[in-house]
1. Tell me, yes or no, whether segment 38-53 has at least one residue that is at negative phi and within 16 Å of the ligand (Cβ to nearest atom).
2. Quick one: is L462 buried (at least 24 other Cβ atoms within 10 Å of the Cβ), assigned by TED's automatic domain parsing to the domain that holds V498 and away from the ligand (no atom under 16 Å from the Cβ)?
3. Against the conditions (1) in contact (Cβ under 8 Å) with a residue 24 or more places away in the chain; (2) farther than 22 Å from I541 by Cβ; (3) in contact with a helix residue (DSSP H, G or I) (Cβ under 7 Å, 6 or more places away or on another chain), where does H422 fall short? Just the number, please.
4. Looking for something exposed (fewer than 15 other Cβ atoms within 10 Å of the Cβ), touching a residue at least 12 places away in the same chain (Cβ under 8 Å) and more than 16 Å from the ligand (Cβ to nearest atom) - is there at least one such residue anywhere in segment 88-98?
5. Please verify whether F378 is hydrophobic (A, V, I, L, M, F, W, C), within 16 Å of the ligand (Cβ to nearest atom) and touching a residue at least 60 places away in the same chain (Cβ under 8 Å), treating the condition exactly as stated.
6. Please determine whether any residue of segment 50-57 is over 16 Å from R485 (Cβ atoms), of a type outside the set (A, V, I, L, M) and either modelled with pLDDT under 95 or touching a helix residue (DSSP H, G or I) at 6+ places or on another chain (Cβ under 7 Å) (or both).
7. Can you pull out every residue in segment 388-421 that is surrounded by fewer than 24 Cβ atoms within 10 Å (Cβ to Cβ) and either part of a loop (DSSP other than H, G, I, E, B) or within 14 Å of the ligand (Cβ to nearest atom) (or both)?
8. Quick check, is G101 crowded, with 24+ Cβ neighbours inside 10 Å and either within 25 Å of F62 (Cα to Cα) or more than 11 Å from the ligand (Cβ to nearest atom) (or both)?
Amino acid sequence: MDNPAGSLVAEFPRERTGLLPALQAVQEIEGWLSSEALAAVAEHFRLPVSEASAIATDYEVFRLVKPGSHLVRVCTGLSCRLTGGADHLRTLENRLGIARGQTTSDDRLTLEEADCLSMCSLAPVLEVDGTCHGRVASAAVERLPMWFGTRRPFAVNADASDFPQVHPVGRTARERLADLRSRAEARARKRPEFRFLVQGGSCGEALGAGEVVKALRLLTAMRGLAAEVLDGACHGMCSAGIVVEVQRSGWPRLTFTGLTKDAVPDWLSALVGGEAPLTRFDGVCWNDEGWRGLPAVSRHPFFAAQRRVIMERCGHLHPVSLDDAILSGGYAALARVLDDQTPEDVIERVKACGPEALAAATEWEVCRNALATTPSYFVVNGEEGRCGRFTDRHLMEGDPQRVLEGLLIAAYGAGTNRAIIHINGTARFSFDRLARALAKAQAAGLIGDRILGSAFSFHVELRRGPRGFVGGEEQMLLRSIEGQRASPETTPLPPPEVGLWGKPTVISTIATLAALPPVISDDSGRTRILSVSGPVSRPGIVEVEAGTTLRQLLFEVADGLRDRRPCEGVLVAGPSDVLLSPGSFDATVESLDAFSAGAGGLIAIPAGEAPGYLRPRGLTRDR
Ligand code: FES
């Protein structure tokens, strides 16, 4: 084939479900979809060109106009607009002499406005040549070319070579898991003395964590320290970066915040060079007493009011290490389910855990009862495309094995044997880390045929979805997996019985799945994860008990608005955004569902800056 797009799409099976992934692959190589590329894709899938063009037009992620050599996208979503994003866009328009949506006359640069880049805790955010930059100051906007790079086509890293294929032995699932654990312990004993987990993932990259990783690797080598410096994940304090967790036998776990590459030499000397207090560094000690002047977690302003159950491992483990997950209790809930519980037991157990869990387990039950028409599917909605919500990305990046374990438990209850995890096409780290976690889980016999020696078999496919169907709406999600147009349907079919390809289908969210292992282990504690953004002092991801009030969350955990500005209200980001007035701040996070079911984020709004399309309202009882 002469057309390069033709040879690229030839790798895709000629089934309609491969259409969107093929279009994405072509765009990532060529930067856009030319008419020649669309014709090649249409020919491969035996479609009229008009059909391929219609699909490409439906999904906003696809470009039908060639962009400039450099692509700059400025986020003006609500959190970014409240922190200077719109000013940055105007500055660039003036400086470049073009309006948003235009390309410079020499084709060097295209400037675009983005509605949310899913990093609201780092607002304001700019994306330059595919890489996001957070907390962008005006001075940095003036020096934009320093961020110019080359467009990086997405490449999946599903390397599991550091985890050998094993066949755990034992008569029960628990015994096989114990075998995996003893192998993990043996490997852990060979680890170097120091372990540094640097805030990696999307927020780490946006803050330049790579520079801290490089500095730490260099300095630990120069000092002759036996240390491993790893790409870790965010603890939830996204904006306090760069965050580095230190683990060493005999020390409590330590987490330092606000480190820069220039501060690393002094910090490392103080840390390993003696017993002197570390009070000049910001951080937290994960014990009850504190250590060398670092406060205990119970006295840390961001963590004191939180109860971390679902996020208990985020930031503390190497996200792609199955050993880390197993050594910290991972897959114990699954083994318990496989040994002791019927699918009906799982459904009843989950149903008893509150309204959201009841709805999810009821859906599994409907799917299970429809099994006469197998095959059935479990679809995981990892789209999270709405402004102010970014919890799913943190869970996928920070603890992908927990997401997989929750999926296995849910699928066992629903009686499905095949899952498709749909991940927003822009969530590069989420996909990469889940892919590696999946490869290792397969190598250990935790996903595949006869899991942990049981009769339960389960297979998982990861998919990068084209961002653009309406906010993760479920029917549209299924249509995008099928490779159909993203048109809303006026008469939606009930998904549990007639879902993907007309088969019984359960659809679940990442947060629901991640919450399941503690439910099975009787440690759920009714907590809720929320993303908090806007111009607050401590934006990030928090996990609090259901009875925590919005006031505690906004003014204790997030420390209120910067510069102590008065707060006009808080936008509850969910399927339908709702702006609550200060009169509602004593409502609990649990009651948010009364206003916006499935609410996942809060954006604090300073006085006088509420978006025109929303009027503040009170949270009333009769809702
Ligand atoms: S990243 Fe800008 S509003 Fe979400």
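1. Within segment 38-53 (the criterion being at negative phi and within 16 Å of the ligand (Cβ to nearest atom)), the answer is no, since none of the residues qualifies.
2. Answer is no for this residue.
3. (2)
4. yes
5. Details: hydrophobic (A, V, I, L, M, F, W, C): yes; within 16 Å of the ligand (Cβ to nearest atom): no; touching a residue at least 60 places away in the same chain (Cβ under 8 Å): yes.
No; evaluated as a whole, the condition is false for this residue.
6. Among the residues of segment 50-57, not one is over 16 Å from R485 (Cβ atoms), of a type outside the set (A, V, I, L, M) and either modelled with pLDDT under 95 or touching a helix residue (DSSP H, G or I) at 6+ places or on another chain (Cβ under 7 Å) (or both), which makes the answer no.
7. G415, N417
8. Numbers: crowded, with 24+ Cβ neighbours inside 10 Å: no; either within 25 Å of F62 (Cα to Cα) or more than 11 Å from the ligand (Cβ to nearest atom) (or both): yes.
It is false that G101 is crowded, with 24+ Cβ neighbours inside 10 Å and either within 25 Å of F62 (Cα to Cα) or more than 11 Å from the ligand (Cβ to nearest atom) (or both).
The values are calculated or read from the model by the stated rules, or taken from the named source; none is laboratory data. Just so we're clear, the structure is a prediction, and the values are computed from it rather than from any experiment. As a convention, Cβ positions derive from the backbone with ideal geometry for all residues, glycine included, and neighbour counts pool all protein chains shown.
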